[in-house]
1. Does C:Ser125 fit the bill of being without any contact (Cβ under 8 Å) to a residue 40 or more places away in the chain and either within 19 Å of the chain's Cα centre (by Cα) or over 30 Å from C:Ser5 (Cβ atoms) (or both)?
2. Scanning for something of a type in the set (Val, Ile, Thr) and more than 14 Å from chain D (Cβ to nearest Cβ), does segment B:91-100 turn up at least one residue?
3. Regarding A:Arg191, is this residue out of contact with any His (no Cβ under 6 Å at 6 or more places or on another chain), among the charged types (D, E, K, R) and free of Cβ contacts under 8 Å to residues at least 24 places away in the same chain?
4. Please indicate, with yes or no, whether at least one residue in segment B:255-270 is surrounded by fewer than 24 Cβ atoms within 10 Å (Cβ to Cβ), more than 11 Å from chain A (Cβ to nearest Cβ) and either under 12 Å from the mean Cα position of the chain (by Cα) or part of a strand (DSSP E or B) (or both).
5. Inspect segment D:124-147 for any residue being within 16 Å of C:Val47 (Cα to Cα) and either surrounded by 23 or more Cβ atoms within 10 Å (Cβ to Cβ) or not hydroxyl-bearing (Ser, Thr, Tyr) (or both) and give the result as yes or no.
6. Take A:Gly59 and tell me if it is in contact with a Gly (Cβ under 7 Å, 6 or more places away or on another chain), at positive phi and not hydrophobic (A, V, I, L, M, F, W, C).
7. Of the numbered conditions (1) out of contact with any Cys (no Cβ under 9 Å at 6 or more places or on another chain); (2) within 14 Å of chain C (Cβ to nearest Cβ); (3) of a type in the set (Gly, Ala, Ser), D:Gly279 satisfies every one except a single condition; which is it?
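The values are calculated or read from the model by the stated rules, or taken from the named source; none is laboratory data. Here the structure is a predicted model, which is why all the values come from computation and not from measurement. Note that we place each Cβ from the backbone using ideal geometry, even for glycine, and neighbour counts take in every protein chain shown.
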Protein chains: 4
Amino acid sequence: MSSRSTPPDADLVRSLGLPATGSVYDLSTGWWRHMPTFAGNPQLEVVTYNSPQGQRAEGRFPFDSPGTNDVGFGYVSELVSGSLHTGTHIDALCHVTCGSEDEWHGGTSATSALGDYGALRGDASELAPIIGRGVLLDVPKLLGLDVLPPHFAVGEDHLRQAADAGGVTITASDIVLVRTGQMKFWPDTARIAEESGGSGVGVDGAQWLVSKGVRYVGADTMSFEVRPSPVPGNPLPVHVLLLQQHGIHIMEWVNCEDLAADGVVTFLFVALPLTLRGGTGSPLRPIAVV
Amino acid sequence: MSSRSTPPDADLVRSLGLPATGSVYDLSTGWWRHMPTFAGNPQLEVVTYNSPQGQRAEGRFPFDSPGTNDVGFGYVSELVSGSLHTGTHIDALCHVTCGSEDEWHGGTSATSALGDYGALRGDASELAPIIGRGVLLDVPKLLGLDVLPPHFAVGEDHLRQAADAGGVTITASDIVLVRTGQMKFWPDTARIAEESGGSGVGVDGAQWLVSKGVRYVGADTMSFEVRPSPVPGNPLPVHVLLLQQHGIHIMEWVNCEDLAADGVVTFLFVALPLTLRGGTGSPLRPIAVV
Amino acid sequence: MSSRSTPPDADLVRSLGLPATGSVYDLSTGWWRHMPTFAGNPQLEVVTYNSPQGQRAEGRFPFDSPGTNDVGFGYVSELVSGSLHTGTHIDALCHVTCGSEDEWHGGTSATSALGDYGALRGDASELAPIIGRGVLLDVPKLLGLDVLPPHFAVGEDHLRQAADAGGVTITASDIVLVRTGQMKFWPDTARIAEESGGSGVGVDGAQWLVSKGVRYVGADTMSFEVRPSPVPGNPLPVHVLLLQQHGIHIMEWVNCEDLAADGVVTFLFVALPLTLRGGTGSPLRPIAVV
Amino acid sequence: MSSRSTPPDADLVRSLGLPATGSVYDLSTGWWRHMPTFAGNPQLEVVTYNSPQGQRAEGRFPFDSPGTNDVGFGYVSELVSGSLHTGTHIDALCHVTCGSEDEWHGGTSATSALGDYGALRGDASELAPIIGRGVLLDVPKLLGLDVLPPHFAVGEDHLRQAADAGGVTITASDIVLVRTGQMKFWPDTARIAEESGGSGVGVDGAQWLVSKGVRYVGADTMSFEVRPSPVPGNPLPVHVLLLQQHGIHIMEWVNCEDLAADGVVTFLFVALPLTLRGGTGSPLRPIAVV
């Protein structure tokens, strides 16, 4: 068969059977002009690019030829610019490099594979649709908190106990979301910084995730991992471990507040990355269906 | 309950039960720098914005403080710009206006609701996740063709007969995809223009879709509708009918070739628009699961 | 003669004769990525767009054909984006509108002459080269100050006395620069705000400039005029008076510190606006030659 | 003295004395959205970013507070993006690299001095105001032609004879402009390609310019030099010779048609590059005053 569809996947069919009610949770931040983002990336910009007013003033289509537009048809479009890591997003393999050869996962060196217009391999064009059982590990709930305090490191014990408390055993095909509770304050990033800034997954927590064999992890924070780094000489050890060494994709700013409010632990998780060639990630609108 | 999840939806649960094998079709065009797009919109641009080489040369994070980055950690990101109507995408309500007041669906006038940074209402931030039974109406197959000829108008009869040939009855919760076959040549838009340019849904075809009560339609072409317009004084009558008058969202450049090659007629359809405030549409990576 | 050169101009020749030494003052702010600018305008962005590294990795020209580039030739270029009102700049006529018809100078309404891609008339493409006698009116020097205090309104008396103190009589062909001293702190805009924020030309000062018949005025501030507005119901009365009513071009962020330090009062002033069609102004690198 | 003005310069004063009439020639191409440019650089884009209509619809300043804007003041600005090498422009030293270390003039390697946001040295921020005697070498006139034929190499003899014919002796402080006549067809680049494409200065012509000690040269073409390269293994030998080896700045797309039509040979030349940090050149509006 010439089709480029993926092979049959019993796990996927099983996960589609999880929802009982068909209620959908939107796990994304939403996106808007000049929304908060990582300081190293460009701001999200949205500018009107086509308007009926402009089309009339400039005599452009569809107002360019008398008699062809008696109904006064016009169209509206925009120019958008920014980083693919804005709001809820997933990291592609090429996002993080390490070592004197600046290699990303799989030993690809930026010197040979990073051009002026993005990465030639390990880029967003390789990101698959993500469909599977989602599991929420609600760490503040485990600890009787609303939100984790600043710089709190989520360790293996927290993750294991949160899974146990939810009555769930993580398997390799699960998509694991770790909650710190920061999104409670979103988009007030000053308050996030004050109340929970830098809380995130620690190195032993990340090692536990690796040990489970999962391919996708996410959290409700900008950086997924605890900040500042607890590892001298390695500014982002969890990114290095998960993404660079193990090729485990990281999703950030995944909003888990509604799931947590409703006590949802497992669900059908769906996210569909945009396969932009050269891109180092993709904005994502993940959903949970219960 | 404070949750913002959607209400229970039996149709949605039913559609999740459609897949038997879990095989996934990617119905998107993919995206790449300077890919073909509508001439009235800006080109898609992708530029490397953070690289280990740049971070080193400029002494920026994570190469800004000696002793903090012994592992040589670096990160890669990009600046992307373009229109939300690039590649496979969905039109938001505000995309099309009509009349002396430049109104989009629901009587919203661009004068009061279109700003410099996009639309204030009827914009992409209102686009819901799209999950339901997808139906492919394969018109060239019905006619014993590979691809519809240039300027071929797909009428009510074609759509009805294609549905009958597929043994399917359209219901209001279906997502209906109309195939012209143009994507066979994608991304060779010169060849598309030559072999099938302007083929698309005609006004009576669109009226039939309206009569079925569907909320989402799509096609494998840039404009969905037959071009040039068969209606004097109305350059895009099908957009006006579906989007402006009936609020039916149109998806364009939806790649149906693999579904058609495998003879798939019904399937689980999932697409997750990005809810960008002000946006007039969203790039879309729709999938079909069988 | 078919030439599009300007007519003979004795004033211009006279002003070219002013310099005695040929020493040149750069009156511009300079420009750099993310430099301070008016909050309503986009930030200045500079991104490397072509690099030898990128050209090699992507196999692009001039590294696309073996044997054609034995010398290892490469080229570097950039993508720049921002507002034309960044750093030292001049306002085009279309920059400011007034009234229910949103008219700029000459009664041109934005409704008919402002499109999605800039203004159709009164735009930067109409800006002439600016060559003439420059006159510095050093108000803080007149008052025995280093810098004018916050919200200080420069009135007719200040301007007249500063001219008198400099021993100069303003004529219609002069380019008049008003100094507040703010640039002493440039680019520390927080300190500018604290020490001199909002100081600028008041309405009677502007009327005096109008009475002199000059075509170009400038100041060493972001807004030229005193802020907040002293005129109820008119947020920028000096812009309205000078630019909208009288078509007098305003130059902003003109750095007069070196001229002031050297006690220069009159000089050859040259500035060459970029004639970008649709543009509402132009970045400017004015020079003074003495 | 704390002043940062340049030292006295008798040559400069002398050149200011050249004009007899004060008539000004604009030697620039002008700039407009989507104007022709080198294919390797981004297109020039201009989008309206602030409009009275948008400010009203969005309730933004100056339409944000009732009672503060009774006069209906509004302002218009834009978002511009593109390359600094668009239209008439000058190349900064960092524009061209050569060798295995990708060095630009002065032995600066791109590896250490080119970041993600432009060049750290040899960039546009180092470009001085250009004021001096301009000399037009009108090669087609010398040869009795309107325009040089395609791929015509302008050699030492042509330049020398054109100078002789104009009765001028080139000195080191002159700015030398070489005319091919291509601008006669501007902006019809298809016709330029057909009638004169690739005509430009050859290697021996460039060597003669080097021998004269000049610091600035220009031509009325996109690439200054004859194309394709006559030197095997070196795609742009004249750029390498002038800019990379000798640090002589090259100006391109300098419109000499009006000067030529009027038979002007020597004149006061003024151009004021924008000193954008990181930039690899600057758009330029050079003028000739006679």
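1. No, not satisfied.
2. Looking through segment B:91-100, at least one residue is of a type in the set (Val, Ile, Thr) and more than 14 Å from chain D (Cβ to nearest Cβ).
3. Spelling it out, A:Arg191 is indeed out of contact with any His (no Cβ under 6 Å at 6 or more places or on another chain), among the charged types (D, E, K, R) and free of Cβ contacts under 8 Å to residues at least 24 places away in the same chain.
4. Checked against the condition, which is being surrounded by fewer than 24 Cβ atoms within 10 Å (Cβ to Cβ), more than 11 Å from chain A (Cβ to nearest Cβ) and either under 12 Å from the mean Cα position of the chain (by Cα) or part of a strand (DSSP E or B) (or both), segment B:255-270 yields at least one hit.
5. Scanning segment D:124-147, I find at least one residue that is within 16 Å of C:Val47 (Cα to Cα) and either surrounded by 23 or more Cβ atoms within 10 Å (Cβ to Cβ) or not hydroxyl-bearing (Ser, Thr, Tyr) (or both), so the answer is yes.
6. no
7. If we test D:Gly279 against (1) out of contact with any Cys (no Cβ under 9 Å at 6 or more places or on another chain); (2) within 14 Å of chain C (Cβ to nearest Cβ); (3) of a type in the set (Gly, Ala, Ser), just (1) comes out false.
Results for (1) facing chain B (nearest Cβ under 7 Å); (2) of a type outside the set (Ser, Thr, Tyr), shown as yes or no for each residue.
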site: A:Pro8; (1), (2): yes, yes
site: A:Leu16; (1), (2): yes, yes
site: A:Pro19; (1), (2): yes, yes
site: A:Ser23; (1), (2): yes, no
site: A:Thr29; (1), (2): no, no
site: A:Trp32; (1), (2): yes, yes
